Structure formats: structure tokens, C-alpha cells
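In what follows, a single structure is set out as C-alpha cells and then discussed.
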Amino acid sequence: QVQLVESGGGFVQSGGSLRLSCTASGMFYSLNEMAWYRQVPGLEREWVAVSFKGAGIDYAAPVKGRFTISRDDTKNTVYLQMDNLKPEDTAVYYCSMMVMTNPRARDYRYWGQGTQVTVSS
């Protein structure tokens, strides 16, 4: 089974920085889309950033200019560098990847367990 393992969450003051990482392990054929989402209790899960293999990068408006997504395909890892953090960035951050486990099957979205990011004023 495919597993996504996240790390890097924690507490930081407003204006500070954190770097999240997520590594995929298990048996799979391809790993194309790597993304980050976040969720505040009581609200819908929000897309934050995405990296498409060989196709580019996109960011949600609230984080554009402050967050940077990157990937290391040799390590099956995606990163999220978060700079100039604000209290409104406080949420559980989830790693998500579209994984193809068989070359002749469709891909499926997999999720990490989530990591808490708390930004204080």
C-alpha cells in the first residue's frame, strides 16, 4: 500500500517560517501530481499548492508570494516552504498525491495524516 509521511509542522510566530515535507513510500508506478491542502476545524479542506510533474506549479491566492512548493522526484518527496506566516495560516496541513499503482490502471488520490501548523500573533 502507498503511504504518505509528513513532517515539519509546529508552532511559529507571525512572520516566521516553516518547511513541510512529505514522502511517498510503497509500491507504485508513477507519481504525477503532488499537492498541499489545509483545513481549519469546521471549514472545508482548502487547496494550497500543487506541482504537476513536467507541467508547472499553482498556488491558492491567500498563500501566493509567501509559500513555495517544490519536489524531489528522486526521493518521491514534496516540500512546502512557508514564509511570512500569518495567524490565518493556522490549520492542519495535508499532503496529497495522485498515485498510479499499475501502469494500466487509473490513478487515485492519496492523503497524508496531516500535520498541525499553528501561527501565533
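For segment 1-41, the residues whose backbone nitrogen is under 19 Å from a point 7 Å from the Cα of residue 105, taken along Cα to Cβ, are 1-4, 24-33. Ranking 16, 30, 52 by Cα position along the charge dipole of segment 1-83, where only Lys, Arg, Asp and Glu carry charges on their C-beta atoms, puts 16 farthest toward the positive end.
Per residue, the solvent-accessible area of the chain (1.4 Å probe, heavy atoms of protein chains only, all protein chains present) comes to 55 Å². Backbone geometry of segment 22-33 corresponds, through the Karplus equation with coefficients 6.51, -1.76 and 1.60 at θ = phi - 60°, to 3J(HN,Hα) couplings of 8, 10, 8, 9, x, 9, 7, 8, 8, 9, 9, 9 Hz, x marking Gly and Pro. Within the accessible surface of the chain, defined with a 1.4 Å probe on protein heavy atoms only, the carbon and sulfur portion equals 49 percent.
Which loop-located GluC sites (Glu not before Pro) does segment 1-66 contain, where loop means any DSSP state but H, G, I, E or B and the Cβ has at most 10 other Cβ atoms within 10 Å? Could the numbers behind the result be given before it?
Values: sites: 6, 33, 44, 46; in loops: 44.
When the GluC sites (Glu not before Pro) of segment 1-66 are filtered for loop state and at most 10 Cβ neighbours within 10 Å, 44 remain.
Mind ranking 59, 37 by accessible surface for me, highest first, 1.4 Å probe? Walk me through the numbers before you get to the answer.
Details: 59 60, 37 35 Å².
Ranked list, largest accessible area first: 59, 37.
Each Lys and Arg contributes +1 and each Asp and Glu -1, all at the Cβ; summed about the Cα centre of the chain, the dipole is approximately 180 debye.
Pairwise Cα distances in segment 1-46 exceed 15 Å for 62 percent of all pairs.
Averaged over all directions, how much area does the convex hull of the C-alpha atoms of the chain cover when projected, in nm²? Walk me through the intermediate numbers first.
On the way: hull surface 29.7 nm².
The directionally averaged projection comes out at 7.4 nm².
Determine the distance separating the Cα centre of segment 1-46 from the Cα centre of segment 64-93; give it in Å without decimals. Going from one Cα centre to the other spans 8 Å.
The values are calculated or read from the model by the stated rules, or taken from the named source; none is laboratory data. Small disclaimer: the values here were computed from a predicted structure and weren't measured. Backbone-built Cβ (ideal geometry, glycine too); neighbour counts: all protein chains shown. Note: areas computed on protein heavy atoms with side chains; ligands, DNA, RNA excluded. Shrake-Rupley method; radii C 1.70, N 1.55, O 1.52, S 1.80 Å.
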